[in-house]
Amino acid sequence: MGLSKQQEVLLVAALYLVILWFWTLPLQSNPLPYGEVDAASHYAVAEYTASADRSITTLPPYIDVRYGDDNRFKEHTLWYPPPFHTALAMAGVFGGNIDLSIFLLNAVLCSLIVLGVYFLMRSLYGFEAGFMSAALVGFSMRDILVFMWGQWPERFGFAFLPLILYCFYQYTSSYLDGNRKPIYVYLLGLLLAANLFIHPMDFFHAVAALIVVSVFFLIKERKLFFHLADVCITILIFLLVIALFPFQTMNVLAQATGGGEVNDPSAVGDWSRLFAWYRTPGTDVGAPAAYFSYSQMVAPLWTALFVLLGIAYLLLKRDRKALVLLGWLVSLYLMLHIDILGMGRGHRSLSATAHLFFPLMVLGTLFLASFVPENQKSLAKKWAPLIFGIIVLFFIVPPAFSTLSHAYEGVNRVTPAQSEMSLWMRSLPAENSLFHLGSISLAKTRWISMVGHHYVLNNGFENGGFEYVILDASDASQLGNPQFLQSLQQQAQAFANVTPAYERPPIWVYPWN
Amino acid sequence: MELSTKLTAGIITTAFALFGLWLFGFTGLKLVLLSSIVFVLPVYLILARFELSTSEKVFFSLFLGLVLVPVPVYWLGTLISFRLSIAILALLLLTLGFFMRKKGNQHHDQGNEPDVPSDVEAKQS
């Protein structure tokens with residue numbers, strides 16, 4: 001295309017701004033927090049840090065009740081290494097509006113895979129391949145859904161993998177070409193440590209990719225592709241950095257070695273799964289059926305042909321660049337099937353598919369362009385990815401826009417009335433718990449709990465263990481469900497002679513003996 | 001028209017800041033500007049000491065800054081005000097960054113130019 005470096009950078013920045021506009025749609029008309037229970041937990045750690053103006057060492061009671069034993073190495077401490085939530089808390093301080101700022105920076109972090117993919121593909125295959133790969137990844141439905149639901153660290157962590165592979169490629173190429181540049185392998189060590197801080201699953205994905213790519217390099221080059229001193233220093237950098245958070249690092253070890261419940265028991269020992277890229281779990285893993293559909297989550301089914309063409313292109317080339325991507329592909333396949341051994345959560349690894357499939361599609365167009373007559377090949381190789389990408393965008397942008405613009409509407413998100421009540425809740429004694437009458441979901445009650453800084457239950461009323469009852473008719477009245485409203489009216493009889501501690505109809509909070 | 005690296009960075013930062021202001025008011029504006037200064041700039045300046053291309057420095061400083069800058073902020077925030085720890089660490093990291101950059105410029109002025117940026121190789125191939 002004959003663009004200067006600065007023009008390329010400006011175009012990529014413009015692309016990322018467009019993608020950010022999409023990913024911040026849920027906040028543009030409604031700045032209140034949203035997501036499933038995972039989102040509420042990440043929000044809680046960041047928000048508490050910003051509002052209490054102190055980093056968390058021991059979990060506050062309302063978070064500890066649910067997450068106190070999630071750190072298997074040391075209970076009642078943070079179960080994730082602090083950097084991710086600290087970054088969100090810092091955003092809360094920067095922006096002023098803590099809630100909105102947390103969600104805004106989170107949208108940036110979760111969409112950074114766009115820039116990660118661009119960086120790797122631009123370096124390996126040029127601007128057009130990088131730009132189009134990035135543009136397509138920005139509208140990956142799986143990424144968008146997982147981001148909306150609340151698996152935030154996992155989204156951000158995947159963005160590191162392309163950079164890790166880039167550093168590996170640069171270092172090994174420099175070594176093999178006799179112009180060793182250890183800075184790249186040192187950066188790889190830092191990136192791996194950062195990756196572990198963000199999410200251990202993403203770290204294991206990165207390690208798997210490095211192992212597979214290394215094996216491919218060994219087979220191709222038939223000699224070592226690194227200097228032992230460089231690797232030792234890298235390992236030292238990695239160990240020194242991860243030692244900064246010993247409780248959380250040891251928790252990763254404890255979780256990895258301690259076993260535990262398998263997400264999809266039907267997959268264990270089912271070796272026939274090896275003959276498919278991925279098979280829908282036989283157990284309910286908490287994701288809708290559409291989540292496992294290629295055409296609904298990645299792109300129209302005909303694009304799978306371009307994925308195969310891209311793989312064929314790489315197999316035919318088999319140069320170092322190709323081995324990097326092939327290694328990434330094989331490692332992803334391995335991670336998707338690790339649940340056969342009773343390990344990992346395969347369906348979580350599925351969310352990384354688009355990061356590689358879209359670049360493979362783009363390479364598939366380059367493969368087709370290579371059949372064009374020689375005098376037009378250069379032009380074809382520049383325009384093929386762009387034309388293909390624009391066509392695919394016509395298919396994948398509308399559902400992404402629809403999903404994001406209608407994310408958690410109405411009662412599916414904390415309402416202004418519930419937010420106001422939750423903020424009032426913060427004035428109650430820290431050790432008090434509440435019961436949420438009128439709850440429409442665990443997620444909604446959890447959000448009220450996390451915004452209100454107090455533990456809130458929504459089932460087991462007869463067991464007691466709470467000091468206040470929230471009589472919340474706001475969702476019921478908005479839903480217009482007569483049975484729901486009638487049930488709440490009957491329950492309200494219990495408070496006929498009780499003076500509410502909080503009264504902003506249709507929400508009351510009553511003390512409970 | 002060729003743009004200098006600084007001008008390009010200025011245009012991009014301004015575009016993101018205006019984007020934040022347009023959609024989310026002063027919250028968005030402050031978030032963009034302060035995040036750029038605290039998360040990205042210190043690491044970018046530190047990386048200036050090393051033989052990396054501009055785009056490598058930008059990308060690595062973005063990704064590493066978002067994860068590694070919060071590390072000392074967290075630990076200092078366990079002892080003192082979180083807000084104060086951000087301010088102190090930002091000042092320290094920026095000072096370190098400018099110092100490292102100055103050292104890096106001196107290193108280059110002595111005739112030790114960095115190699116051709118690796119991301120030019122893809123263009124040339």
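The values are calculated or read from the model by the stated rules, or taken from the named source; none is laboratory data. No experiment lies behind these values; they were computed from the predicted model shown. Cβ atoms come from the backbone with ideal geometry, glycine included; neighbour counts cover every protein chain shown. Keep in mind that these areas ignore ligands, DNA and RNA; they rest on the heavy atoms of the full protein, side chains included. Shrake-Rupley method; radii C 1.70, N 1.55, O 1.52, S 1.80 Å.
Tabulated results
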read-out: Principal axis dimensions, region A:192-247 - Cα atoms, whole angstrom, descending; value: 40, 25, 12
read-out: Charge context of A:N30, other residues only, Cβ under 9 angstrom, K/R +1, D/E -1; value: 0
read-out: Net +/- balance of residues flanking A:F94 in space, Cβ distance below 11 Å, scoring K and R +1, D and E -1; value: +2
read-out: Rel. contact order, % - alpha carbon contacts under 8 angstrom, at least six apart, region A:412-511; value: 29
read-out: Occluded residues from region A:93-135, i.e. those whose accessible area drops by 30 Å² or more once the chain is not alone (1.4 Å probe); value: A:V93, A:F94, A:G95, A:L100, A:L104, A:L105, A:L112, A:L115, A:F119, A:R122, A:S123
read-out: Reachable lysines, given that their alpha-carbon falls under 21 Å from the alpha-carbon of B:K102 and they are not under 8 places away in the same chain; value: B:K6, B:K57
read-out: By accessible area with a 1.4 Å probe, ligands and nucleic acids excluded, highest first: order of B:K57, A:K382; value: A:K382, B:K57
read-out: Accessible surface, region B:5-113, averaged per residue in Å² (probe 1.4 Å); value: 48
read-out: Separation of alpha-carbon centers, region A:135-157 and region A:406-458, rounded to whole Å; value: 25
read-out: Flagged links, alpha-carbon separation over 24 Å, of A:K220/A:K382; A:K5/A:K223; A:K220/A:K317; A:K5/A:K381; A:K5/A:K317; A:K220/A:K321; value: A:K220/A:K382; A:K5/A:K223; A:K5/A:K317
read-out: Per-bin percent of Cα-Cα distances, the protein assembly as shown [10 Å]; value: 3, 15, 26, 27, 18, 8, 3, 1, 0
read-out: Solvent-accessible area buried by B and A, counting both chains, probe 1.4 angstrom, square angstrom; value: 5400
read-out: Kirkwood Rh in Å, taken over all unlike Cα pairs in region A:412-511; value: 13.4
read-out: Average partner coverage of A:190-196, which counts Cβ from other chains inside 10 Å; value: 3
read-out: Ranked by how many other beta carbons lie within 10 Å on average, peptides A:401-414, A:463-476, A:152-165 from highest; value: A:152-165, A:463-476, A:401-414
read-out: Ranked order, A:C232, A:C110 - accessible area, probe 1.4 Å, largest first; value: A:C232, A:C110
read-out: Solvent-accessible surface ranking, highest first, for B:F24, A:F84 at 1.4 angstrom; value: B:F24, A:F84
read-out: Heavy-atom surface of region A:412-511, accessible at 1.4 Å and reported per residue (Å²); value: 46
read-out: Residue mean of other protein chain beta carbons inside 10 Å, B:26-34; value: 6
read-out: Gyration tensor (Cα) of region B:5-113, equivalent ellipsoid semi-axes in angstrom; value: 25, 21, 10
read-out: Region B:5-113: relative contact order in percent, alpha carbon pairs under 8 Å with at least 6 residues between; value: 27
read-out: Residue mean of other protein chain beta carbons inside 10 Å, B:43-50; value: 1
read-out: Dimensions in Å of region A:1-138 - Rg and Dmax from alpha carbons; value: 18.4, 59
read-out: Neighbour net charge for A:F84 - beta-carbon separation under 12 angstrom, K R +1, D E -1; value: -1
read-out: FRET efficiency, A:N412 to A:I233 (Cβ-Cβ, R0 51 Å, nearest 0.05); value: 0.50
read-out: Residue among B:L45, B:P70, B:L84 farthest towards the positive dipole end of region B:5-113, charges placed on Cβ; value: B:L84
read-out: Interface residues in region B:78-104 - accessible area drops by 10 Å² or more relative to the isolated chain, probe 1.4 Å; value: B:T78, B:L79, B:I80, B:S81, B:F82, B:R83, B:I86
read-out: Carbon + sulfur, % of accessible area of region B:5-113 - ligands and nucleic acids excluded, 1.4 Å; value: 71
read-out: Relative contact order (percent, whole number), chain A, Cα cutoff 8 Å, 6+ residue spacing; value: 17
read-out: Heavy-atom accessible surface of region A:79-188: percent carbon and sulfur, 1.4 Å; value: 53
read-out: Between region A:192-224 and region B:39-84, the alpha-carbon center distance in angstrom; value: 24
read-out: Region A:412-511, accessible surface, carbon-and-sulfur percent (1.4 angstrom probe); value: 49
read-out: 1.4 Å probe accessible area per residue over region A:151-278, in Å²; value: 41
read-out: Residues in region A:1-43 occluded by at least 50 Å² - accessible area, probe radius 1.4 Å, against chain by itself; value: A:K5, A:Q6, A:L10, A:L17
read-out: Burial ranking of peptide ranges B:39-47, A:57-65 (average Cβ count within 10 Å, highest at the top); value: B:39-47, A:57-65
